[in-house]
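Reading through the structure tokens given below for one structure.
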Amino acid sequence: MSEGVEWALHSCVNLAWSGPDRAVSAARLAAWHDLPAAYLNKQLQALARAGILTSSPGPRGGFRLARPLAAVSLMDVVAAVEGPEEAFRCAEIRRQGPGAGEPAAEGADAADCAIAHAMTRAELAWRKALAAQDLDEIRQQAERQAPEAPQRLRAWLAAQ
């Protein structure tokens, strides 16, 4: 998973903390964590295409949440940034080299690769876990860990 997922998740929480009436530019969001603005902007645009954020152009433009954090799962953000493809892609290397063509055990489906099967089960569990947790839960946990963070962000944004 790319670091863009982490950046996108933090940006969503930061946009919630900034308030619903404030559009925040990619450059400002990037500056808060000392990230490259152009790369963060790509992640934010992906979130906008997925309907998680809205963007408005112009000098007072920027990004806002398109829906409440409680309506955005971690999986929504991962899929927006990484795409819908599965993380594990079986290349069928078992069909190459000297071991290629080994007959399957009687009654076994020759198309079932034990490794691909295991990885598919693990990915399904991972996706279900991400889909079960929303960004509002993350915001709440972040605020318990750093209660001053929302106010610090708002004050920093207002000072610019």
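The values are calculated or read from the model by the stated rules, or taken from the named source; none is laboratory data. Quick caveat, the model's predicted, so the values are computed rather than measured. Cβ: placed from backbone, ideal geometry, glycine included. Neighbour counts: every protein chain shown. Surface areas here come from the heavy atoms of the whole protein model, side chains and all, with no ligands, DNA or RNA. Shrake-Rupley method; radii C 1.70, N 1.55, O 1.52, S 1.80 Å.
Leaving out ligands, DNA and RNA, what percent of the accessible area of the chain is carbon and sulfur, probe 1.4 Å? Intermediate values should be presented prior to the final figure.
Values: 5340 of 9750 Å².
Percent of accessible area from carbon and sulfur atoms in the chain: 55.
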Self-check item: Förster radius 25 Å - calculated FRET efficiency between Glu148 and Arg60 (Cβ-Cβ, nearest 0.05)
Solution: 0.40
Exercise. Quick one: among Arg89, Arg49, Arg22, which has the greatest mean-square fluctuation in a GNM of the chain with alpha-carbon springs under 10 angstrom?
Key: Arg89
Quiz prompt | Mean ellipticity per residue at 222 nm, deg cm²/dmol - from DSSP H runs of n ≥ 4 across the chain, formula -39500 (n - 2.57) | solution = -16500 deg cm²/dmol
Quiz item: Going highest first, how would you order 121-127, 42-48 by mean Cβ packing within 10 Å?
Solution: 42-48, 121-127
Quiz prompt | Leu53 long-range amide H proximity, modeled H, under 5 Å | solution = Ala48, Ala66
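Starting from the Cα gyration tensor of the stretch 32-77, take the square roots of the eigenvalues, sort them a ≥ b ≥ c, and report rounded, prolate or oblate (rounded when a/c is under 1.5, otherwise prolate if a/b is larger than b/c, else oblate).
Details: a/c = 1.94, a/b = 1.33, b/c = 1.45.
Oblate is the answer for the stretch 32-77, as a/c is 1.5 or above yet b/c matches or exceeds a/b.
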